[in-house]
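Quick notes on the structure that follows.
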Number of protein chains: 2
Amino acid sequence: MKQDATSKLALNTYTKLMRGAESVTVRVGRKMSDAGLTISQFGVLEALLHKGPMCQRDVASKILKSTGNITLVIDNLEKQGLVQRERSLEDRRYCTVLLTEKGRGLIEATFAEVEAAIVAEMGVLTDAEQETLGKLCKKLGLREG
Amino acid sequence: MKQDATSKLALNTYTKLMRGAESVTVRVGRKMSDAGLTISQFGVLEALLHKGPMCQRDVASKILKSTGNITLVIDNLEKQGLVQRERSLEDRRYCTVLLTEKGRGLIEATFAEVEAAIVAEMGVLTDAEQETLGKLCKKLGLREG
DNA sequence: CCATAACGATTAAATGTCAAACTATTTTTT
DNA sequence: AAAAAATAGTTTGACATTTAATCGTTATGG
């Protein structure tokens, strides 16, 4: 294939990937904002729900954000009474972050909504297409950063 | 397929799509920040380079951002002398945004870098795989928002 | 013609984002 | 054990982003 055609195909694919991911993100994100949560806040609560209490560093790596950012997100969640910080006794550098009852209730309900939205979004693809999409996206993610 | 398996596949596909798109974005975005541009700034300059001068509303829809946002992004580009605003004479509500010489030089050089990065990213997929990925992503983007 | 609606741009407030500098604490080295 | 390095978290500064409110301009229906 000529160099120019290669570039064209790559740019085209890139654009479609970005637009597709973006529009899914926007529509799924609406379920989160309906619940009064930002995407980051949802990510933090979801991690705590499914993985249990963890320190901020682990939260950050779980949702692929910087630790400086996590501090703020957790600040805001704490203000709303959705999570709680506990300074570790063994190693006082660590904060363990855990869900409050209120936080657990909210994320359980919201997660169900979001899950349904994701299933609906992906429902435009057959199972086989989803498998294929997953494999291709995984390949793209594997390169070194 | 059982409902549970359907959900699991959808969630799995969703996660891979998000991670794949995110990691490509980060790596390609690095070329932009190397040039001192944010992703949005790059998007604005790129639109102006390839589509010619346009009003802010068109810029906004081109890069899928709100008009309030565009005002700020263009403010910052203008401060750096990369673009220029011109209030339209026929209809004074419109601002035409156009590239300066400096802006044109920067975006031409940066676009080449970014294009190369995109080609490299997509290069992990065969041409056929890229076609497939493009089609699947397009399907995902088509739903009503 | 004039009141009002529509429209483009701007501004403001809230949140998020990263990078870099900084603090507190623990571990490692010497 | 003291000094140095590493680690977790916080703070700060610059930019981004959205939504909603506002300003100025243009179009439209009575």
| task | Can you give me the ranges of the helices (runs of 4 or more DSSP H) entirely in the range A:52-145 with at least 2 residues that are away from DNA strand D (no atom under 15 Å from the Cβ) and crowded, with 18+ Cβ neighbours inside 10 Å? | result | A:101-122, A:127-141
| field | Output for the range B:1-50, where each listed residue is of a type in the set (D, E, K, R) and not in a helix (DSSP H, G or I) | value | B:2
| Being touching a residue at least 12 places away in the same chain (Cβ under 8 Å) and of a type in the set (D, E, K, R), is that true of even one residue in the range A:69-84? | no
| remark: Counted residues in the range A:39-73 being closer than 16 Å to residue A:101 by Cα and among the β-branched types (Val, Ile, Thr) come to 1
| said: Name the residue that is farthest from residue A:82 (Cα to Cα), counting only residues in the range A:1-27 that are crowded, with 22+ Cβ neighbours inside 10 Å and not polar (S, T, N, Q). | reply: A:10
| request: Mind listing whichever residues of the range A:36-51 are surrounded by 17 or more Cβ atoms within 10 Å (Cβ to Cβ) and touching a helix residue (DSSP H, G or I) at 6+ places or on another chain (Cβ under 7 Å)? | output: A:37, A:40, A:41, A:42, A:44, A:45, A:46, A:47
| note | Scanning the range B:69-96 for residues that are within 8 Å of DNA strand C (Cβ to nearest atom) and under 17 Å from the mean Cα position of the chain (by Cα), the one nearest to the other protein chains (Cβ to nearest Cβ) turns out to be B:69
| If you take the residues of the range B:25-44 that are of a type in the set (D, E, K, R) and more than 12 Å from chain A (Cβ to nearest Cβ), which of them is farthest from residue B:64 (Cα to Cα)? | B:34
| remark: Taking the range B:1-24 and keeping only residues that are more than 7 Å from every other protein chain (Cβ to nearest Cβ) and among the β-branched types (Val, Ile, Thr), one is left with B:15
| task | Return yes when residue A:15 is touching a helix residue (DSSP H, G or I) at 6+ places or on another chain (Cβ under 8 Å) and either of a type outside the set (D, E, K, R) or touching a residue at least 12 places away in the same chain (Cβ under 8 Å) (or both) and no when it is not. | result | no
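Throughout, read-outs are computed from the coordinates displayed, never taken from laboratory work. Predicted model, so just to flag it, every value in this text is computed and none were measured. Note: ideal-geometry Cβ built from the backbone for every residue, glycine included; neighbour counts use all protein chains shown.
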